[in-house]
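Take a look at the structure set out below.
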Amino acid sequence: MPHVFKGTAVSLLKEIYSLDIESALGILSKHFPDLVAFSTSFSNEDQVITDLIAKSKTSVEIFTLDTGRLFDNTYSTWEATNTYYGIHIKTYHPDAQSLEDYLNLNGPNAFYQSVEKRKECCSIRKVEPLRRALKNNAVWITGIRAEHSLNRQQTSLIEWDETNQIIKYNPLLNWSTEDVKEYIQKYKIPYNPLSDNGYASIGCSPCTRAIKENEDIRAGRWWWEDNDKKECGLHIKR
Ligand code: ADX
Ligand code: SF4
């Protein structure tokens, strides 16, 4: 495990606070060569970050958590992104035995039965693979934005993630939905076409639906659950 701690996050925040994202990526990569990793779900936010990483010419690793239940459009966006940038986005999969046990016990769609079973599915398909992906890294880059939820409004541009013992960098924290769209249109980069059809936030296909006008950005995620339960465990603060 690299030697990083809460204090490192605080001093890095001061260092990069007023910089543009490409320069900040350069600073982080210089501090932690080959120990900076970006998790992409191929959301519009994540596509912007992938583009900025490519432009920054840093060695930031890009990985995804393939839950096995993503939309076909998400897999196509992944393929298009690999081709566009000439890269191979790394993938982490759920532990085969844990998933097999869960499915044999609960059936294929148990996430609709209870919050507990839904969280167990997220834990096997996303959270445990994320732990493995972050294990030997010092900085984790994500596409979370303050506009997504109240929880995320309490997030900082750079913060210490106690759960994963890692520095977390959220470069688009203060971007609006419009800022993200404008960037994608300006640079004509690949993006998930579902986002043109009301899918404001995109996760696994059985747990995501399109939103109606005036609905909250994350209303289409786990829509059958109460609002305060709508996190899968990737971004939970301890
Ligand atoms: S979630 O916690 O509700 O699933 P959300 O879909 O809002 O998260 O995405 C926020 C950020 O979490 C993304 O920008 C990305 O950094 C990370 N993330 C979410 N899902 C995945 C995934 N399947 N693979 C990799 N990163 C992901
Ligand atoms: Fe399972 Fe749904 Fe969570 Fe995906 S979002 S890991 S299918 S419960």
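With contacts taken as Cα pairs under 8 Å at a separation of at least 6 residues, the chain carries a relative contact order of 25 percent. With springs only between Cα atoms under 10 Å, which of Gly26, Gly220, Gly107 fluctuates most in a Gaussian network model of the chain? Checking each option, the largest mean-square fluctuation is seen for Gly107. As a length-normalised measure over Cα pairs under 8 Å and 6 or more apart, the relative contact order of the stretch 171-238 settles at 18 percent.
Considering only Cα atoms, the convex hull volume of the stretch 55-148 works out to 151 Å³ per residue. For the stretch 1-73, the Kirkwood estimate of hydrodynamic radius, built from reciprocal distances between every pair of different alpha carbons, is 13.7 Å. Near the amide H of Leu70, within less than 5 Å, lie the amide hydrogens of Ser205, all on another chain or at least 5 residues away, with H placed in the peptide plane. Of the residues Thr8, Ile236, Ile21, the one whose Cα sits farthest towards the positive end of the charge dipole of the chain is Thr8 (charges of +1 on Lys and Arg Cβ, -1 on Asp and Glu Cβ, taken about the Cα centre). The GluC sites (Glu not before Pro) of the stretch 111-195 meeting both criteria, a DSSP state outside H, G, I, E and B (loop) and at most 13 other C-beta atoms within 10 angstrom of the site's C-beta, are Glu162. If you look at the Cα atoms of the chain, you get an Rg and a Dmax of 17.3, 51 Å.
Taking every protein chain into account, the accessible area of the stretch 115-238 amounts to 49 square angstrom per residue (probe 1.4 Å).
Taking all protein chains as present, what is the carbon and sulfur share of the accessible area of the stretch 91-187, in % to the nearest whole number, probe 1.4 Å? Ligands and nucleic acids excluded, carbon and sulfur give 49 percent. Helix 44-56 and the longest principal axis of the Cα set of the chain meet at an angle near 30°.
List the trypsin sites (Lys or Arg not before Pro) within the stretch 159-236 that fall in a DSSP loop (any state other than H, G, I, E or B) and whose Cβ has at most 12 other Cβ atoms within 10 Å. Listed in order of number, the matching sites are Lys188, Lys212. Per residue of the chain, the DSSP helices (runs of n ≥ 4 H) give a summed -39500 (n - 2.57) that works out to -11000 deg cm²/dmol at 222 nm.
Once the 1.4 Å probe is applied to the protein heavy atoms, the stretch 1-101 comes out at 51 Å² accessible per residue.
Helix 6-16 and the longest principal axis of the Cα set of the chain meet at an angle near 60°. For the stretch 1-84, carbon and sulfur atoms together expose 56% of the accessible surface, with a 1.4 angstrom probe and every protein chain in place. For a straight C-alpha distance cut-off of 14 angstrom, the aspartates and glutamates reachable from Lys237 (same-chain residues fewer than eight places away being disregarded) are Glu159, Asp161, Glu162, Asp228. For the chain, the longest piece that avoids every one of the chymotrypsin sites (Phe, Trp or Tyr not before Pro) found in DSSP loops with at most 15 other C-beta atoms within 10 Å covers 18-222. Straight-line reach from Lys90: taking Cα to Cα under 19 Å and skipping same-chain neighbours fewer than 8 places apart, the aspartates and glutamates in range are Asp34, Glu45, Asp46, Asp51, Glu61, Asp66, Asp72, Glu79, Glu128. This model, with +1 at the C-beta of Lys and Arg and -1 at the C-beta of Asp and Glu, gives the chain a dipole about its Cα centre of some 340 debye. Are any of the pairs Lys30/Lys181; Lys30/Lys119; Lys117/Lys181; Lys57/Lys117 more than 32 Å apart by Cα-Cα distance, and if so, which? Too far apart for the 32 Å limit: Lys30/Lys119; Lys117/Lys181; Lys57/Lys117. Working from label points 7 Å from Cα in the Cα-to-Cβ sense, the Asp179 to Glu116 distance is 4.2 nm.
The values are calculated or read from the model by the stated rules, or taken from the named source; none is laboratory data. Just so it is clear, the structure is predicted and the values come from calculations on it, not from any experiment. A quick note on method: Cβ atoms are made from the backbone with ideal geometry, for glycine too, and the neighbour counts reach across all protein chains shown. Surface areas here come from the heavy atoms of the whole protein model, side chains and all, with no ligands, DNA or RNA. Shrake-Rupley method; radii C 1.70, N 1.55, O 1.52, S 1.80 Å.
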